Amino acid sequence: MKRIGVLTSGGDAPGMNAAIRSVVRVAAANDMSVVGFRRGFNGVLMQSKDPADDFSILTARSVSNTIHRGGTFLMTARCTEFLDPEVQKRAVDNMHALGLEGLVVIGGDGSFHGALALTNLGFPVVGIPGTIDNDLSYTDFTLGFDTAVNTAVECIDKIRETSDSHERGSLVTVMGRNCGDIALHTAISCGAEFVLLPEKPWSITDIAHRIKWGVLQGKRSTIIVMAEGAMESQTDDIVKLCEKHPEFNEDGHEVISSSRLARMLEKLSGHEIRATVLGYIQRGGSPTPNDRLLASKLGAAAVELLKQNIGGVAVGVRDNKVVHVPFEETFGDHRLINTSYVELLDKLST
């Protein structure tokens, strides 16, 4: 191959810029040129009035001073119209018109579905896992996960100090709708007493009882780390709980937000609980050295695969070794929670 493309799609993740940089520079070392598409698959469809808004040639110089930057300078966006097979064919035609022979897609599960669609049309695509949730089971780590955990730990360390000063508990919600890896790794790293995960059953009354017991034993503060999807694994009957405690119905709806959960825990435990949602702060910031290294390795691996005319695969790491698997094997099952880490946290917080 002599010319390939690269794009970032879906949610942004620290390390995406480092991956783009690696793709461009390793391609240059192999006498290949690179076209960078803006706003994910939208750029490939070339629908802007000015073509410069959709794509540009990337050189070793144009990716200088990017490895330490968060986000993605190519920008990213969803592209629902890409689900249309006719739109996918138009994308392939557009890339052929630019002289492209392969494409690197940096993103998560949804982005890989788009990459597979292009592969099925005969256009070689290699995927790089860019998602802070670490929810792709085929790879040990995804780009941005390490940075997101570091950001969450730094924030909770500060929350712990004010919680200790006021002798209160803090419920901190981190990202992770279907995968609790950020919450679990963060909880262990910041010395949290509890972690609430979408993969592990838990109950509001049990957590409240344990908080109350800890206070009776002299604890001044309590940190509860909650993955945003953890309410899906909560086992209490909320209707019966609200019947027993009518004050829980004060919000007038059944959705249990983090702030409402904090109020419920406070009333059941008798200990002040404040809620904090870290939100998109976890997606930003300069990537950690681990994410920069991972991005560099995976970007290089993607180019080497395309050089050999190998497409239809996603690169990743297992046991610190770079691997590649067919896109079909990256879908479906989410990563299983590390039970040894769950057991470790239970022992450390006892």
Candidate set from the range 109-129 (those that are modelled with pLDDT of 95 or more and touching an Asp or Glu at 6+ places or on another chain (Cβ under 8 Å)); member that is nearest to VAL34 (Cα to Cα): PRO124
Output for the range 65-91, where each listed residue is closer than 16 Å to GLY40 by Cβ and either hydrophobic (A, V, I, L, M, F, W, C) or touching a Pro at 6+ places or on another chain (Cβ under 7 Å) (or both): PHE73, LEU74, MET75, ALA77, CYS79, PHE82, LEU83, VAL87, ALA91
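Answer yes or no: is there a residue in the range 238-256 that is out of contact with any helix residue (DSSP H, G or I) (no Cβ under 6 Å at 6 or more places or on another chain) and modelled with pLDDT of 95 or more.
Of all residues in the range 238-256, those out of contact with any helix residue (DSSP H, G or I) (no Cβ under 6 Å at 6 or more places or on another chain) come to 238-241, 243-247, 250, 252-255.
From the residues that got through so far, the ones that are modelled with pLDDT of 95 or more too are none.
No: zero hits.
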Top-ranked residue in the range 207-231 [being crowded, with 18+ Cβ neighbours inside 10 Å and in a loop (DSSP other than H, G, I, E, B); ranked as modelled with the lowest pLDDT]: SER221
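Yes/no matrix, rows are residues, columns are (1) crowded, with 23+ Cβ neighbours inside 10 Å; (2) acidic (Asp, Glu); (3) within 21 Å of the chain's Cα centre (by Cα):
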| position | (1), (2), (3) |
| --- | --- |
| ALA152 | yes, no, yes |
| ILE156 | yes, no, yes |
| ARG160 | no, no, no |
| VAL172 | yes, no, yes |
| CYS179 | yes, no, yes |
| HIS185 | yes, no, yes |
| ILE188 | no, no, yes |
| LEU197 | yes, no, yes |
| LYS200 | no, no, yes |
Out of ARG274, ARG292, ARG220, sole residue that is out of contact with any strand residue (DSSP E or B) (no Cβ under 7 Å at 6 or more places or on another chain) and within 17 Å of SER163 (Cα to Cα): ARG220
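Kindly indicate whether GLU167 is more than 30 Å from GLY332 (Cβ to Cβ) and in contact with a Lys or Arg (Cβ under 6 Å, 6 or more places away or on another chain). Lay out the reasoning, then the answer.
On the way: more than 30 Å from GLY332 (Cβ to Cβ): yes; in contact with a Lys or Arg (Cβ under 6 Å, 6 or more places away or on another chain): yes.
Yes.
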Cross-chain or 6+ apart pairs with Cβ under 8 Å, the range 118-140 first and outside the structural domain of ALA152 (by TED's automatic domain parsing) and at positive phi, then modelled with pLDDT of 95 or more and among the polar types (S, T, N, Q): ASN134/THR142
Single unsatisfied condition, PHE82 versus (1) surrounded by fewer than 17 Cβ atoms within 10 Å (Cβ to Cβ); (2) touching a helix residue (DSSP H, G or I) at 6+ places or on another chain (Cβ under 6 Å); (3) farther than 19 Å from LEU306 by Cα; (4) not β-branched (Val, Ile, Thr): (1)
Residue in the range 136-149 that is touching a strand residue (DSSP E or B) at 6+ places or on another chain (Cβ under 9 Å), closer than 17 Å to VAL277 by Cα and not in a loop (DSSP other than H, G, I, E, B) present: yes
Index of the failed condition, GLY71 passing every other in (1) touching an Asp or Glu at 6+ places or on another chain (Cβ under 6 Å); (2) at pLDDT below 95: (2)
Top-ranked residue in the range 1-25 [being over 16 Å from GLY127 (Cα atoms) and in contact with a helix residue (DSSP H, G or I) (Cβ under 8 Å, 6 or more places away or on another chain); ranked as modelled with the lowest pLDDT]: MET1
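Which of the following residues is more than 17 Å from ILE128 (Cα to Cα) and either under 20 Å from the mean Cα position of the chain (by Cα) or among the hydrophobic types (A, V, I, L, M, F, W, C) (or both): ILE67, ILE57, ILE4? Lay out the reasoning, then the answer.
On the way: ILE67 fails: more than 17 Å from ILE128 (Cα to Cα); ILE4 fails: more than 17 Å from ILE128 (Cα to Cα).
Among ILE67, ILE57, ILE4, only ILE57 is more than 17 Å from ILE128 (Cα to Cα) and either under 20 Å from the mean Cα position of the chain (by Cα) or among the hydrophobic types (A, V, I, L, M, F, W, C) (or both).
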Residue that is farthest from GLY71 (Cα to Cα) [pool: residues in the range 226-280 that are hydroxyl-bearing (Ser, Thr, Tyr) and touching a residue at least 40 places away in the same chain (Cβ under 8 Å)]: SER269
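Give me the residue from the range 188-208 that is in contact with a Leu (Cβ under 6 Å, 6 or more places away or on another chain) and touching a residue at least 60 places away in the same chain (Cβ under 8 Å) and, out of that set, nearest to LEU348 (Cα to Cα). It would help to see each step written out before you state the result.
As a first pass, look at the range 188-208 and keep what is in contact with a Leu (Cβ under 6 Å, 6 or more places away or on another chain): 188, 195, 202, 208.
Those still in the list that are touching a residue at least 60 places away in the same chain (Cβ under 8 Å) too: 188, 195, 208.
Values: ILE188: 8, VAL195: 12, ALA208: 19 Å.
Looking at the filtered set, the residue picked out is ILE188.
The values are calculated or read from the model by the stated rules, or taken from the named source; none is laboratory data. The shown structure was predicted, so the numbers you read here are calculated from the model rather than taken from an experiment. Don't worry about glycine lacking a Cβ; one is built from the backbone with ideal geometry, like all the others, and counts go over all protein chains shown.
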